[in-house]
């Protein structure tokens with residue numbers, strides 16, 4: 001009886017192991033795309049490899065790992081669906097420049113929307129396997145960005161072309177921006193104007209996101225209770241101002257002679273801890289009042305407003 005039970009238990013364990021192994025899939029992380037503003041035919045794509053890919057390749061479970069980039073232009077099908085050629089790279093390359101517009105000289109990322117789908121392929125048990133999981137990014141012409149108004153169109157176009165806008169923001173940029181979305185956008189901007197080398201000394205307790213933890217180590221953002229980032233919480237204008245202010249100080253973009261615009265009628269509403277930041281940003285034109293002369297420091301910032309403020313940082317000398 002004990003022998004039969006042991007055999008049955010062993011069989012169940014083997015079956016469980018097979019099911020677990022079969023369910024393993026791999027997905028690239030921290031995927032980014034950036035349009036070459038000097039030649040919008042070319043897109044720089046960057047990715048990082050998750051630990052399960054690295055560990056399984058090292059242990060020999062999988063081999064010949066490739067990072068594949070499928071793509072589609074506007075609302076057309078992905079090229080793989082038409083038996084077209086996709087882009088493939090060694091997964092450890094972690095960045096690649098592609099030209100998805102090579103077959104049509106009349107279109108590029110400034111007049112078309114490009115969707116990239118990144119996934120792995122590899123050999124396992126002698127068979128070539130394509131990952132079921134994938135990550136997508138959208139770049140280029142911003143007709144797919146919803147909720148924007150005419151006053152922000154130029155800045156939204158610029159942010160879209162530079163790859164600054166986080167995918168979750170594109171659903172409706174009239175909504176309030178989260179801490180996570182804003183920090184992601186600011187750190188993408190840093191790739192254009194900051195180009196810092198980051199350490200990994202400190203890390204938030206509630207996120208492994210590389211950009212967010214880079215912002216922490218750079219001194220741009222601080223944690224709350226129990227060193228939590230609280231990425232889903234919204235940002236008031238004065239809170240966002242302090243983040244931007246720290247970023248500008250780190251990049252030596254402040255003169256130290258900034259003064260508040262006396263035309264703002266609600267300066268007394270600015271919290272004492274944010275006065276210096278609001279003063280500096282308002283004097284440089286990064287923060288502007290509404291048609292009534294109100295800064296509205298306690299109001300949450302919309303995604304659209306945040307995009308405009310971030311793009312204004314490109315002109316700060």
Exercise for review: Assess whether residue 45 counts as being modelled with pLDDT of 85 or more, touching a strand residue (DSSP E or B) at 6+ places or on another chain (Cβ under 8 Å) and more than 30 Å from residue 159 (Cα to Cα).
Suggested key: no
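A quick yes/no check of all residues on (1) in contact with a strand residue (DSSP E or B) (Cβ under 6 Å, 6 or more places away or on another chain); (2) surrounded by fewer than 16 Cβ atoms within 10 Å (Cβ to Cβ); (3) not assigned by the TED database to the domain that holds residue 270:
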| position | (1), (2), (3) |
| --- | --- |
| 218 | no, no, no |
| 225 | no, yes, no |
| 232 | yes, yes, no |
| 250 | no, yes, no |
Study note, to complete from the structure: Filtering the range 134-160 down to residues that are more than 18 Å from residue 43 (Cα to Cα), assigned to a loop (DSSP other than H, G, I, E, B) and in contact with a helix residue (DSSP H, G or I) (Cβ under 8 Å, 6 or more places away or on another chain) yields 145, 146, 147, 148, 149
Review point. In the range 72-133, which strands (runs of 3 or more DSSP E) lie fully inside it and hold 1 or more residues that are on the phi < 0 side of the Ramachandran plot and touching a helix residue (DSSP H, G or I) at 6+ places or on another chain (Cβ under 6 Å)?
Key: 113-124
Review point. Is there a residue in the range 197-205 that is out of contact with any strand residue (DSSP E or B) (no Cβ under 6 Å at 6 or more places or on another chain), surrounded by 14 or more Cβ atoms within 10 Å (Cβ to Cβ) and within 21 Å of residue 45 (Cβ to Cβ)?
Key: yes
Check your understanding: Do you know which residues across the range 161-175 are in contact with a strand residue (DSSP E or B) (Cβ under 8 Å, 6 or more places away or on another chain) and either part of a loop (DSSP other than H, G, I, E, B) or farther than 21 Å from residue 190 by Cβ (or both)?
Key -> 162, 163, 173, 174, 175
Point to revise | Among (1) in a helix (DSSP H, G or I); (2) over 20 Å from residue 189 (Cβ atoms) - the single one residue 248 does not satisfy | key: (2)
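The values are calculated or read from the model by the stated rules, or taken from the named source; none is laboratory data. Bear in mind the structure is a predicted one, so any value in this text is a computation, not a measurement. All Cβ positions, glycine included, derive from the backbone under ideal geometry; neighbour counts span all protein chains shown.
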